[in-house]
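Chemist: Before we start, here is the structure in question, set down as structure tokens.
No value in this document is a laboratory result; all are computed from the given coordinates. Computed from a prediction, not measured in an experiment: that's the story for all the values here. Here Cβ is always computed from backbone atoms with ideal geometry, including for glycine, and neighbour counts include all displayed protein chains.
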Ligand SMILES: [Zn+2]
């Protein structure tokens, strides 16, 4: 019933998670009815975000590439505590931890968790980058984020969805750290038990998140 171009656009919009056939059609129709100026601005904004937003060269979170250093706002913030690095799977998990409003450390995005059954190994994550490049920099005070101070005690905080992949990643990390030359004290903690076994990091509320961070345990 609707002209083919509208149906095509609606079909494309279904690529977004949570957009079904009804809402994709509504969005396509709303798009069609935008004023010319709004339409052009929307197109420009979409192009800019694709062109100018990349991943932080230090931690893997989103960063604006116009900035020549390629660091995200968190890594550029000199008041952040570089002795705490929160390990997350995806860049969007950083937003979940930030929502706690109590965490003032830095991050490291792994992109994947180790899962041998799915053929995902350490080289498919950024773990080796963390262990071989970033940690030595943090220890020596030559790090790009967190004000560049040397640290004698470093805490790696794990924020992974519970499961086999989280266990495999934790085991790999523990072993890699145990094999590092003697240096500053390195500890690994994870968020408090009591979180639902299969919690969704995207829907955790601020209070739960803050409590889970404050009650973290050594692993
Ligand atoms: Zn960063």
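Chemist: Using every alpha carbon pair in the range 107-157, what percent of pairs falls into each 10 Å bin from 0 up to the bin containing the largest distance?
Modeler: 24, 45, 23, 8
Chemist: Could you give me the radius of gyration and the Dmax of the range 1-85, taking only the C-alpha atoms into account and expressing both in angstrom?
Modeler: Looking at the range 1-85, its Cα Rg and Dmax stand at 18.7, 60 Å.
Chemist: Something else: Highest first, please rank the peptides 55-63, 121-129, 13-21, 109-117 by the mean number of other Cβ atoms sitting within 10 Å of their residues.
Modeler: Packing proxy ranking, top to bottom: 55-63, 109-117, 121-129, 13-21.
Chemist: Report, to one decimal in Å, the Kirkwood hydrodynamic radius for the range 39-139 based on all distinct Cα pairs.
Modeler: Radius from the Kirkwood sum: 15.0 Å.
Chemist: Grab the beta carbon distance between residue 45 and residue 206, set R0 = 35 Å, and tell me the FRET efficiency rounded to 0.05.
Modeler: On the way: r = 28 Å, r/R0 = 0.81.
Once rounded, the FRET efficiency stands at 0.80.
Chemist: Moving to a separate point now. Expressed in nm², what is the orientationally averaged projection area of the convex hull enclosing the Cα positions of the chain?
Modeler: 15.4 nm²
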